[in-house]
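Trainee: Pasting a structure below so you can have a look.
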Amino acid sequence: NKKQQVTTIVEPQIESLSVWLNPDSETITKTQLFEWLKTQTKLKQQEDLKILAGKIEESEWVDVNTILVCCSPDYSSFDVQMLNHLLSKNNEHQLYDVAFLEMPYPNMSQVFDIQSDEYKLYDRYLLEWGRANIHRGYKYLFHDSGVLRGKNFNKLRYVVKEHLSAEQYRLSSLYVREDSIIKPHFYVSEFSKDKTLLFSWENPKNPNWD
């Protein structure tokens, strides 16, 4: 259960806690501690995005014909925006084109297709998305902020292979659960299968994770 088993993505620096302390007191309130932890997790996510961008750059795979694909935009938009700016120096400092790909929650089999204004089974949506958005002559970097079971990426991989060679696409994520059935080409770290992932900006009461 996402609300019961929570692991943060942060290794806080204790000395930075002082900025949240009352100047006239050595005690800290629960509110101050919570705000400090949120700040630290945001910083950790940003630092890990820099690490991820570095790994992508080191591979020398990205070129001027690369398109970034934001998978699960509700969760990955910030990641892709920051990656785009970090990687743009390899594109004469121009931002790469970005495409958006919906992915279902673990307890769902459908996604909302904004193009047709209707819900579709993920398998059907993927096939139609691939035909409409994947074009030869381009490379595609698919990014999802976190990979849990890996099923969405695994289905995506099979669809992509119908359009592109293995050298024309890459999968990317910040964090990957250790028992995921697929490991992205680029990621920062793994986390234990008995834990789950909660970002600092995320609503922990989202019922779609139950």
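The values are calculated or read from the model by the stated rules, or taken from the named source; none is laboratory data. The shown structure was predicted, so the numbers you read here are calculated from the model rather than taken from an experiment. With ideal geometry, Cβ positions are generated from the backbone for all residues, glycine too; neighbour counts draw on all protein chains shown. We work out accessible area using only protein heavy atoms, side chains counted, and drop any ligands, DNA or RNA first. Shrake-Rupley method; radii C 1.70, N 1.55, O 1.52, S 1.80 Å.
Trainee: Restricting to region 71-89, and then to whatever is in contact with a helix residue (DSSP H, G or I) (Cβ under 7 Å, 6 or more places away or on another chain) and without any contact (Cβ under 8 Å) to a residue 40 or more places away in the chain, can you tell me which residue is most open to solvent (accessible area, probe 1.4 Å)?
Mentor: Among those that are in contact with a helix residue (DSSP H, G or I) (Cβ under 7 Å, 6 or more places away or on another chain) and without any contact (Cβ under 8 Å) to a residue 40 or more places away in the chain, it is Leu86.
Trainee: Asn154 passes all but one of (1) surrounded by fewer than 16 Cβ atoms within 10 Å (Cβ to Cβ); (2) at pLDDT below 95; which number fails?
Mentor: (2)
Trainee: Suppose we filter Ser165, Ser145, Ser116 for residues that are open to solvent by less than 40 Å² (accessible area, probe 1.4 Å) and polar (S, T, N, Q); which single one remains?
Mentor: Ser145
Trainee: Taking region 54-89 only, how many residues are part of a helix (DSSP H, G or I) and either within 10 Å of the chain's Cα centre (by Cα) or under 26 Å from Leu126 (Cα atoms) (or both)?
Mentor: Here the count works out to 13.
Trainee: Restricting to strands (runs of 3 or more DSSP E) lying wholly in region 108-179: which have 1 or more residues that are polar (S, T, N, Q) and under 16 Å from the mean Cα position of the chain (by Cα)?
Mentor: So the answer is 139-147, 169-177.
Trainee: Could you list all residues from region 36-67 that are crowded, with 18+ Cβ neighbours inside 10 Å, out of contact with any Ser or Thr (no Cβ under 9 Å at 6 or more places or on another chain) and among the hydrophobic types (A, V, I, L, M, F, W, C)?
Mentor: Selection gives Leu49, Ala53, Val62.
Trainee: Could you pull out the residue among Val64, Val111 that is farther than 24 Å from Ser200 by Cα and out of contact with any Pro (no Cβ under 9 Å at 6 or more places or on another chain)?
Mentor: Val64
Trainee: Looking at this structure, is Phe100 without any contact (Cβ under 8 Å) to a residue 40 or more places away in the chain, of a type in the set (Phe, Trp, Tyr), more than 24 Å from Lys183 (Cα to Cα) and out of contact with any Lys or Arg (no Cβ under 7 Å at 6 or more places or on another chain)?
Mentor: Answer is no for this residue.
Trainee: Further question on the same structure: Which condition from (1) open to solvent by 90 Å² or more (accessible area, probe 1.4 Å); (2) at pLDDT 95 or above is the one that Glu15 breaks?
Mentor: With respect to (1) open to solvent by 90 Å² or more (accessible area, probe 1.4 Å); (2) at pLDDT 95 or above, Glu15 is out only on (2).
Trainee: Which residue is most open to solvent (accessible area, probe 1.4 Å), if the candidates are limited to region 168-188 and must be among the basic types (Lys, Arg) and at pLDDT 95 or above?
Mentor: Lys183
Trainee: Something else about it: Which count do you get for residues in region 118-150 that are of a type in the set (D, E, K, R) and in contact (Cβ under 8 Å) with a residue 40 or more places away in the chain?
Mentor: Number satisfying all stated conditions: 3.
Trainee: Right, Phe191: surrounded by fewer than 21 Cβ atoms within 10 Å (Cβ to Cβ), under 27 Å from Leu86 (Cα atoms) and touching a residue at least 40 places away in the same chain (Cβ under 8 Å) or not?
Mentor: When the stated conditions are applied, Phe191 passes them.
Trainee: Could you grab me the full set of residues in region 90-104 that are open to solvent by less than 100 Å² (accessible area, probe 1.4 Å) and under 18 Å from the mean Cα position of the chain (by Cα)?
Mentor: Answer for region 90-104, where residues must be open to solvent by less than 100 Å² (accessible area, probe 1.4 Å) and under 18 Å from the mean Cα position of the chain (by Cα): Tyr96, Val98, Ala99, Leu101, Glu102, Met103, Pro104.
Trainee: Sticking with this structure for a sec: List the pairs whose first member sits in region 160-173 and is under 21 Å from Glu57 (Cα atoms) and among the small types (Gly, Ala, Ser), whose second member is open to solvent by less than 60 Å² (accessible area, probe 1.4 Å) and part of a helix (DSSP H, G or I), and whose Cβ atoms are under 6 Å apart, counting only residues at least 6 apart or on separate chains?
Mentor: The qualifying pairs do not exist here.
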